[in-house]
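The values are calculated or read from the model by the stated rules, or taken from the named source; none is laboratory data. Just so you know, these numbers come straight off a predicted model, no measurement behind them. All Cβ positions, even for glycine, are placed from backbone atoms using ideal geometry, and neighbour counts span all protein chains on display.
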Amino acid sequence: MKSYRGAHLDRIWDLALARLRQAERIVFVGYSLPPADIAIYHLLQRSMLAAPTGRPRPDIHVINHTDPHASPAERTMHEDAVTSRFRRLFGPHVSLDFSGFHGQV
């Protein structure tokens, strides 16, 4: 379990939360929201719950990479798992691209 405590880190987490609460668009590049990353998950969850009243949810774009050497079943399993994690947190309107980053967004 990583430790995310300390005065300097607390300030960074607070600033990140404030920025996320005001975001109109959030883009994740190369990040799959792994289940072990509990601190990031909770930060993102708090930002959605603490957004200003009446403010629309931000557009969420995920650009990820699927190993081209993986079998079709492995690629599907990876993409389904990543899709499920992001949609569970942000809802069904998450935009996902598994071709890797090529200057999108």
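Values as computed for the structure displayed
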{"quantity": "Complete set of residues in region 89-105 that are surrounded by 12 or more Cβ atoms within 10 Å (Cβ to Cβ), farther than 15 Å from I26 by Cβ and modelled with pLDDT of 90 or more", "calculated": "F98"}
{"quantity": "Check on D80, surrounded by 15 or more Cβ atoms within 10 Å (Cβ to Cβ) and without any contact (Cβ under 8 Å) to a residue 60 or more places away in the chain", "calculated": "no"}
{"quantity": "Failed criterion for A70 (all others in (1) assigned to a helix (DSSP H, G or I); (2) free of Cβ contacts under 8 Å to residues at least 24 places away in the same chain; (3) hydrophobic (A, V, I, L, M, F, W, C) hold)", "calculated": "(1)"}
{"quantity": "Selection count where residues are outside any loop (DSSP other than H, G, I, E, B) and not aromatic (F, W, Y), scope region 23-38", "calculated": "5"}
{"quantity": "Those residues of region 53-77 which are surrounded by fewer than 11 Cβ atoms within 10 Å (Cβ to Cβ) and under 26 Å from L43 (Cβ atoms), in sequence order", "calculated": "T53, G54, P56"}
